[in-house]
Amino acid sequence: MNSYWRIIVRSIGLGLFAGVFGLIYLALVRTGTDALWGDWETPGLFSGTWQVMVIPIAAGLLVGIIYKVFRLPPRFEGFITELQEGHVDPRTAPGAVGIALVSLIGGASLGPEAPLGTAGGAAGTWLARRRGEDTEGVRQSSFVGISAMFGGLLSTPIGGPLLAFELEHEQTNAYYFRHLVPGMISGAVAFGVMWPVIGAPFEGLIDIEHGAFESWMLVAAAAIGVIAFLAALVVGKIMLGAVSVMRHLDERPVVRGLVGGAVVGVTAFALPLTLFSGDHSLSAILDNLESFGLPMLIALALVKAIALGASLGGGFYGGPIFPLFFIGGVLGIAVNVVFPAIPLGLAVGATMAGLGAAVSLLPLSMAILVAILTNSGLVVSSAIVVAAATAFALRQMVMRPGEGSSTEAAVAAEAV
């Protein structure tokens with residue numbers, strides 16, 4: 001069989017695996033969360049119950065025990081680092097995926113994108129190594145596996161390839177044919193498997209009115225990009241600080257897990273909407289805007305950043321993208337409160353994309369993901385792109401020498 005056709009066939013196989021695995025994993029997270037938490041969303045300050053404190057602490061304890069018993073590495077590399085390095089260790093991937101399951105059900109401020117990406121990448125790495133392929137073959141197969149997971153999760157075949165496209169890579173035709181095209185095929189197959197069962201799980205997840213578009217909104221979007229950049233500096237420092245403090249406990253994973261779980265629990269007791277990835281919580285805020293003044297919105301964003309940093313630093317495993325979107329969305333509502341002439345949909349979408357771009361250094365990916373989440377039309381999406389580009393450009397201007405194209409959390413925790 002021609003070598004390129006072999007790559008295409010493998011892409012289809014990895015896409016099928018990703019679709020089935022993604023369905024099972026998301027179902028386990030949803031079932032476990034519903035069974036353990038029930039109706040937990042309460043918007044008020046210090047409105048949490050004993051449940052929101054005890055469950056994260058218990059989850060942190062269990063996570064620490066898993067690290068210790070199974071002798072897992074202190075921290076796992078997430079999908080961005082895995083894309084950059086071109087492989088996922090199949091020996092540690094099951095532990096990462098299992099810890100992520102406990103983390104997500106236990107209320108950690110993380111999303112499902114990291115464990116799913118790790119699972120897909122590990123499947124690709126294992127398959128290539130089993131066939132005795134060289135480093136380039138392993139890289140290509142791992143890439144396709146990660147792309148498949150993102151294609152199904154984000155309901156777009158370009159999800160994984162787009163993330164990789166914005167990372168450093170060879171600018172050659174061979175790269176595109178051996179990586180991006182198979183990645184899109186695997187993503188499309190995974191999407192085809194997941195769509196009949198759960199549809200597009202994140203498309204239009206945030207129901208928000210965008211209003212009529214006017215040209216001046218592009219200028220407003222650029223200004224929002226500046227605000228998002230400044231917010232990203234604060235959020236990044238909080239994340240880095242939390243991870244740096246807890247890094248001293250890496251050799252004591254049980255204690256680290258308890259500390260991380262306690263911080264998540266305390267922040268959740270103060271503001272329960274800071275639990276989990278934040279996608280449903282942001283919708284709850286949008287449904288009850290009259291209950292949230294400017295001080296509460298700022299508090300939510302800051303406390304969520306603390307919960308995200310504690311989750312990453314405490315040994316929990318998951319993705320930071322959706323929590324960052326929550327922070328950006330909350331700050332976008334605050335922008336609308338201060339500047340009511342800016343439509344709520346534009347303010348929320350632009351701030352989400354700008355904050356995500358400034359922290360992750362993946363502006364195009366963040367803009368497209370936000371457009372999917374908020375169901376933005378083509379015209380409104382242009383303003384979202386402007387905000388993401390502005391925030392990203394400012395971030396590049398202040399970037400210190402030696403910083404790479406990974407998130408703040410990846411630099412600090414090697415866990416994103």
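The values are calculated or read from the model by the stated rules, or taken from the named source; none is laboratory data. Note that the structure is a prediction, hence the values are computed from the model and not measured. All Cβ positions, even for glycine, are placed from backbone atoms using ideal geometry, and neighbour counts span all protein chains on display.
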Looking at the stretch 292-300, can you tell me whether even one residue there is touching a residue at least 12 places away in the same chain (Cβ under 8 Å), out of contact with any helix residue (DSSP H, G or I) (no Cβ under 9 Å at 6 or more places or on another chain) and not aliphatic (A, V, I, L, M)? no
Out of the stretch 112-138, which residues are acidic (Asp, Glu) and crowded, with 24+ Cβ neighbours inside 10 Å? Glu113
Looking only at the stretch 10-18, decide whether some residue is at pLDDT 90 or above, assigned to a helix (DSSP H, G or I), surrounded by fewer than 13 Cβ atoms within 10 Å (Cβ to Cβ) and over 20 Å from the mean Cα position of the chain (by Cα). no
Test: residue in the stretch 291-308 that is modelled with pLDDT under 90, assigned by TED's automatic domain parsing to the domain that holds Ile238 and in a helix (DSSP H, G or I): yes
Report the residue count in the stretch 234-252 for those that are within 27 Å of Gly345 (Cβ to Cβ) and surrounded by fewer than 16 Cβ atoms within 10 Å (Cβ to Cβ). 1
For the list (1) at pLDDT below 85; (2) surrounded by fewer than 18 Cβ atoms within 10 Å (Cβ to Cβ), I need the number of the one condition that Pro157 fails. (2)
Considering only the stretch 365-409, state which residues are part of a helix (DSSP H, G or I), closer than 19 Å to Ser155 by Cα, at pLDDT below 90 and not polar (S, T, N, Q). Ile368, Leu369, Ala371, Ile372, Leu373, Leu378
Hey, among the residues in the stretch 46-88 that are part of a helix (DSSP H, G or I), in contact with an Asp or Glu (Cβ under 8 Å, 6 or more places away or on another chain) and surrounded by fewer than 18 Cβ atoms within 10 Å (Cβ to Cβ), which one's modelled with the lowest pLDDT? Gln84
Being β-branched (Val, Ile, Thr), assigned to a helix (DSSP H, G or I) and under 19 Å from Glu214 (Cβ atoms) is the requirement here; does Val348 meet it? yes
Check off (1) at pLDDT 90 or above; (2) in a helix (DSSP H, G or I); (3) farther than 28 Å from Ser381 by Cα for Ala232 and give me the number that stays unchecked. (3)
Determine if the stretch 334-357 includes at least one residue that is of a type in the set (A, V, I, L, M) and closer than 27 Å to Gly257 by Cβ. no
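Listed residues Gly315, Gly319, Gly265; which is at positive phi and surrounded by 24 or more Cβ atoms within 10 Å (Cβ to Cβ)?
Gly315
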Answer yes or no: is there a residue in the stretch 67-89 that is over 24 Å from Phe325 (Cβ atoms) and either among the basic types (Lys, Arg) or in contact with a Phe, Trp or Tyr (Cβ under 6 Å, 6 or more places away or on another chain) (or both). yes
Starting from residues that are out of contact with any Ser or Thr (no Cβ under 9 Å at 6 or more places or on another chain) and under 19 Å from Val235 (Cβ atoms), keep the ones in the stretch 338-349 and report whichever is surrounded by the most Cβ atoms within 10 Å (Cβ to Cβ). Ala347
Could you identify the single residue in Gly328, Gly313, Gly318 that is out of contact with any Leu (no Cβ under 8 Å at 6 or more places or on another chain) and either among the aromatic types (Phe, Trp, Tyr) or assigned by TED's automatic domain parsing to the domain that holds Gly225 (or both)? Gly313
